[in-house]
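Read-outs throughout are calculated quantities, based only on the coordinates presented, and are distinct from any laboratory measurement. Note that the structure is predicted; figures quoted are calculated from it, not measured. All Cβ positions, glycine included, derive from the backbone under ideal geometry; neighbour counts span all protein chains shown.
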Amino acid sequence: MADVSGLLSWFQANGGSLDASVGFKMFLGCGRGAVALADIPEGHVLFTIPRGLLLSTETSGLPGNVGFERWKTAKMHIGWAGLILCMMWETAQGPRSRWAQYLGSLPTAFDTPMFWSDLELEQLKGTSVVGKLGKEDAERDFTEKLIPLVRSRPDLFPPETIPQYYTLEIYHVMGSRILSRSFNVEKDEPEEEEREEGETPAEEDGADASGEDGVGNTSLGSAMEVDGEVPSVHSDDSESDEDEDEDEPSAVAMVPLADMLNAQYGSENAKLFYEKDVLRMMSTKSIPLGEQIWNTYGDLPNAELLRRYGHVDLLPLPGFPDALGNPGDIVELPADLAVPSDADADAIKARIDWWLEQGGDDVLVLESDLEIPPALASLIRLLRLPVPEWEKAVAKDKPPKPVLDAEVLGVVRTVLERRRDAYPTPLAEDLLLLGAPDADLLPLHTRHALIVRIGEKRIIEGALQKVAGLLAAGDGKRKRKGREEEGEGRAGKTKTRRRG
Ligand SMILES: C[S@@+](CC[C@H](N)C(=O)[O-])C[C@H]1O[C@@H](n2cnc3c(N)ncnc32)[C@H](O)[C@@H]1O
């Protein structure tokens, strides 16, 4: 049994309320999670969390103690460094912290690649996890922002407590807790329009889920859904970047109990809704007795699940009989894979810059439906336009139409082959490894890396087959057309002869 009794007593003693239909237990491979202790109807309030129990830079006393001006000059209001420092400081307060019981219940070890050895990370080579870990950025924040502030205030951060509470290792642990458990919680009441649109299940039922003043509510996504990249804050941050962050109306917060729900692709049956003074976890479907209560993390691809949460989804895959994987998997195709190998670097740079100015992406996404991204076709054509055509496109402010003709398909094939070659092993070898009778004995990180690689490679191979099919069909069509034209030609000649 997940021992959450201390956490639940703390939660309820501090104004939280938990419905009798909700329990917590260990789920194999998922850690702790919530379970239905009775049949739960849709639109039922599972638990209610007073805003005061949220742990954020808004609720912790630290920013006020530091002084809001100093907090800002230390750039603690940008990115996650501020919340990380609050979590460190609250932990250092021991039982004096309002969140002592909660912080003590959070994980201290993670299976996310942030904590993998270099040898383990090698197994993710080629996947989109690599390059997104943000470890260096996080370490720069720690060294350049957090430590100078901590050292400057021995009254708040006694030097002898630094090795215990303010280390780089703990910085990464707190960052990972935020990455895998936080929510983006709007500070104030939702906008008028949002309120009208944001009808909640309770409102549908006619129940008053809106708190004492009848303020409506809107669904929340986890910070991860909204974009939980470990923020990179460099000393050369521009004014406008800072302004954007300062104006940001939402705040990342740790939400006790709401962060105890697991998630699985397409399984969401509960969601967090906010009101002025409280947050409510509500069922979004009926949940039978004994079923797990699932939140959503946004039905992310396995690469993102692994990077942010340290697990992967393995479910039956529509369109791939007998295969298991994550239907939300994708493959990222960096735009530079579409650059002709003999291209003039300056000319290509000008075209790519223009493409980005036009709102084009520098990474194109191939989904599991294997549809060739129209933007890829457009980009491929742009990079190959003869100069007069390129000048026309610029004058008209219009990138080329995404036509998938034989030339473009040929380049799509090259792009996919280049992307496939980024992985050190072929799909067939990975499938053999995962399908082997002793695959269950593989170390967890090896298994996870394998599943992420297979998911991405399966999409690449599928897309390659699709392109081959389209090229063959085009070839067939062209040959048929050619034969018809030849036939017509002969017939024409015959005709001419007859006429003659
Ligand atoms: C928001 S917490 C959920 C509660 C967590 N299981 C716990 O014990 O506190 C997110 C973490 O739960 C785990 N998790 C969530 N969904 C999972 C799933 N479908 N399979 C495996 N682990 C999962 C992952 O470790 C993830 O980082």
³J(HN,Hα), Karplus 6.51/-1.76/1.60, whole Hz, each residue of segment 99-116, x for Gly, Pro: 9, 3, 5, 5, 4, x, 8, 7, x, 10, 10, 9, 9, 6, x, 3, 9, 7
For Glu371 and Glu357 in the same chain, what is the full-extension length gain: residue separation times 0.36 nm, less their Cα-Cα distance, in nm? 2.6 nm
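Within 10 Å of each residue's Cβ, count the other Cβ atoms and sort Arg447, Arg458 from fewest upward.
Arg447, Arg458
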For each pair in Lys349/Lys401; Lys145/Lys349; Lys75/Lys276; Lys72/Lys135, compute the distance between the two Cα atoms and list the pairs where it is over 25 Å. Lys145/Lys349; Lys75/Lys276
Rounded to a whole number, what is D in µm²/s for segment 316-482 from Stokes-Einstein with the Kirkwood radius over alpha-carbon pairs (25 °C, 0.890 mPa s)? 138
Tell me, in nm to one decimal, what length is gained between Leu442 and Arg70 on full extension, where the rule is 0.36 nm per residue of separation less the Cα-Cα distance? 129.0 nm
Under Karplus coefficients 6.51, -1.76 and 1.60, residue-wise ³J(HN,Hα) of segment 165-173 in Hz, glycine/proline x: 10, 10, 9, 4, 4, 5, 4, 5, 5
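Sort Asp155, Asp137, Asp39 so the one with the fewest other Cβ atoms within 10 Å of its own Cβ comes first.
Placing the least packed residue first, the sequence is Asp155, Asp39, Asp137.
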Assigned charges on the beta-carbon of Lys, Arg, Asp, Glu; segment 316-482 dipole about Cα centre (debye): 880
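Taking the number of other C-beta atoms within 10 Å as the exposure measure, put Val394, Val387, Val403, Val66 in order starting with the fewest.
Val387, Val403, Val394, Val66
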